[in-house]
Amino acid sequence: MLCSIVLALAALRAGLAIRRARLARRPRPRGARQRHVRLAKPAVALILVGFMAGPVSAVLLRGWTAFATLHGVVGTIAAGCFAAAAIHGRRLQRGGEASRSAHALLSGIALLAAALAAVAGFVLLP
Ligand code: HEM
Ligand code: HEM
């Protein structure tokens, strides 16, 4: 999970470079869009796989009740925001400019929640 969060941070960096160029009315850096999407897609996919594996492992290996931890709750918020950001990202890719601010906002909230989940996840480690 730590690796996928680092990948998402790299995607955010590329996304913010695009945003800065757009706000300064400069052309976006060469290759920035491709780099952003190339990093963001696997990051979101890995995070969603990890999100599904978490409760399976918690129930089957630890005998816990699913989603009974702060980590589980914050992780669910993060996963939901990443999924919604990815949907808006797809729309942006297809030219739907109206999705831009929702994409940026959702991806920011998603990363923040993922960082909080990471902090709340370390205490759960065996
Ligand atoms: C499947 C996942 C994703 C796809 C398909 C996607 C796609 C895109 C596209 C097409 C753009 C517009 C680029 C341009 O104007 O040339 C964009 C912008 C952006 N993306 Fe993503 N993205 C994804 C995930 C993420 C994630 C995970 C983050 C952050 C962690 C993120 C943060 C941003 C930001 C900050 C921008 C700039 C928005 C602006 O111009 O105001 N994206 N994304
Ligand atoms: C470095 C980051 C993370 C660490 C160290 C971590 C660690 C853990 C651990 C140790 C468990 C208990 C499962 C077990 O050991 O059997 C767990 C469960 C879980 N994790 Fe994570 N995790 C991290 C990030 C995330 C993120 C980013 C998400 C969401 C996108 C997430 C979602 C979940 C969920 C939903 C559960 C099930 C908890 C429950 O049912 O209450 N985790 N995680």
Return the total of residues in the range 22-61 being in contact with a helix residue (DSSP H, G or I) (Cβ under 6 Å, 6 or more places away or on another chain) and away from ligand 2 (no atom under 14 Å from the Cβ).
7
What are the residue pairs meeting all of these: first residue in the range 40-66, first residue more than 25 Å from residue 88 (Cβ to Cβ) and of a type in the set (S, T, N, Q), second residue part of a helix (DSSP H, G or I) and near ligand 2 (Cβ under 8 Å from one of its atoms), Cβ atoms under 8 Å, and 6 or more apart or on different chains?
65/59
Give the residue, chosen from 23, 70, 7, that is free of Cβ contacts under 8 Å to residues at least 24 places away in the same chain and at negative phi.
23
Is it the case, given these coordinates, that residue 19 is assigned to a helix (DSSP H, G or I), touching a helix residue (DSSP H, G or I) at 6+ places or on another chain (Cβ under 8 Å) and not β-branched (Val, Ile, Thr)?
yes
Among residues belonging to the range 76-126 that are of a type in the set (Ser, Thr, Tyr) and within 16 Å of ligand 2 (Cβ to nearest atom), point out the one that is farthest from residue 47 (Cα to Cα).
107
Please tell me if residue 5 is at pLDDT 95 or above, over 26 Å from residue 125 (Cβ atoms) and within 11 Å of ligand 1 (Cβ to nearest atom).
no
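The values are calculated or read from the model by the stated rules, or taken from the named source; none is laboratory data. Just so we're clear, the structure is a prediction, and the values are computed from it rather than from any experiment. So basically every Cβ, Gly included, is an ideal-geometry build from the backbone, and we count neighbours across all protein chains shown.
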